[in-house]
């Protein structure tokens with residue numbers, strides 16, 4: 001799990017979030033409202049928005065995000081996280097403690113863990 005989570009509000013323009021994602025090297029943004037997760041906006045969503053031809057400085061991420069994303073708890077095993085991502089076709093899982101976002105698990109995190117375990 002990565003503890004540094006990039007968050008954005010639903011009304012943030014796509015262009016602004018995409019710039020922040022590039023600058024921070026984030027593959028996703030957890031979309032929050034009053035600190036509660038309401039969606040996830042990923043690199044794939046940026047591509048879909050760009051391909052639509054809409055003005056990305058005016059288009060809000062709420063138009064492109066996945067609403068009510070699947071989330072996991074911090075005690076989830078990396079194998080289970082990998083299975084969830086593989087079976088459902090996504091690469092990012094927000095990690096919650098109650099309703100608070102405490103991290104995010106990416107496919108990269110899972111692969112790194114598997115490689116470290118195999119090297120032991």
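The values are calculated or read from the model by the stated rules, or taken from the named source; none is laboratory data. Only a predicted model underlies this, so the values are computations on that prediction, with no experimental measurement involved. For neighbour counting, all protein chains shown are included, and Cβ atoms are generated from backbone atoms with ideal geometry for every residue, glycine included.
Computed values, structure above
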| item | result |
| --- | --- |
| Verdict on residue 14 being over 12 Å from the mean Cα position of the chain (by Cα) and touching a residue at least 40 places away in the same chain (Cβ under 8 Å) | yes |
| All positions within region 83-117 that are at pLDDT below 90 and part of a helix (DSSP H, G or I) | 107, 108, 109, 110, 111, 112, 113, 114, 115, 116, 117 |
| Verdict on residue 22 being in a strand (DSSP E or B), out of contact with any helix residue (DSSP H, G or I) (no Cβ under 6 Å at 6 or more places or on another chain) and either touching a residue at least 12 places away in the same chain (Cβ under 8 Å) or surrounded by fewer than 16 Cβ atoms within 10 Å (Cβ to Cβ) (or both) | no |
| Residue list for region 86-107, restricted to those being within 13 Å of residue 1 (Cβ to Cβ) and without any contact (Cβ under 8 Å) to a residue 60 or more places away in the chain | 93, 96, 97, 107 |
| Tally of residues being assigned to a loop (DSSP other than H, G, I, E, B), surrounded by fewer than 17 Cβ atoms within 10 Å (Cβ to Cβ) and either on the phi < 0 side of the Ramachandran plot or under 13 Å from the mean Cα position of the chain (by Cα) (or both) across region 37-63 | 5 |
| Region 64-82, subset surrounded by 15 or more Cβ atoms within 10 Å (Cβ to Cβ) and out of contact with any strand residue (DSSP E or B) (no Cβ under 6 Å at 6 or more places or on another chain), residue modelled with the highest pLDDT | 64 |
| Positions within region 25-36 being surrounded by 15 or more Cβ atoms within 10 Å (Cβ to Cβ), outside any loop (DSSP other than H, G, I, E, B) and in contact (Cβ under 8 Å) with a residue 40 or more places away in the chain, in sequence order | 28, 30, 32 |
